[in-house]
Amino acid sequence: MTTTVDYDLTRAQRKLDELDRVLRSVRGRLGNTLDIRRVCGDVERLRDSLALLCEHAPGEPHSAPPNPRAELEPLTEVPYDPSLFADADDEGIGGMRPQRR
């Protein structure tokens, strides 16, 4: 399914409206604490940023993500130079070799 940027931004605005409604409910139960004010401020900043996005991308079709297979480079069968890994430990097993000084 292909969506448009306009559709996605409208969905984001609706989700932000829903978050705002839920936060008002939480504020009613917990009071106007510093944490609630901070989250509500974050929602307002998101709302402002989303409004800017809406201004700059009205109705443009959503571009498909790049095909990851198109960017793959084939690996050769030539082994790596072992000196590249002389002082390295295997990931997840680090520290198993005796320390050299």
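A cut-off of 5 Å between modelled amide H atoms, ignoring neighbours fewer than 5 places along the same chain, links Thr4 with His62.
For the stretch 1-54, what is the Kirkwood estimate of the hydrodynamic radius, computed as the reciprocal of the mean inverse distance between distinct Cα atoms, to one decimal in Å? Write out the running numbers ahead of the final one.
Details: mean 1/r = 0.0823 Å⁻¹.
It is 12.1 Å.
Counting charges near Lys15 (Lys, Arg +1; Asp, Glu -1) among other residues having Cβ under 12 Å from its Cβ returns a value of 0.
Throughout, read-outs are computed from the coordinates displayed, never taken from laboratory work. Only a predicted model underlies this, so the values are computations on that prediction, with no experimental measurement involved. Virtual Cβ from ideal backbone geometry, glycine too; neighbours counted across all protein chains shown.
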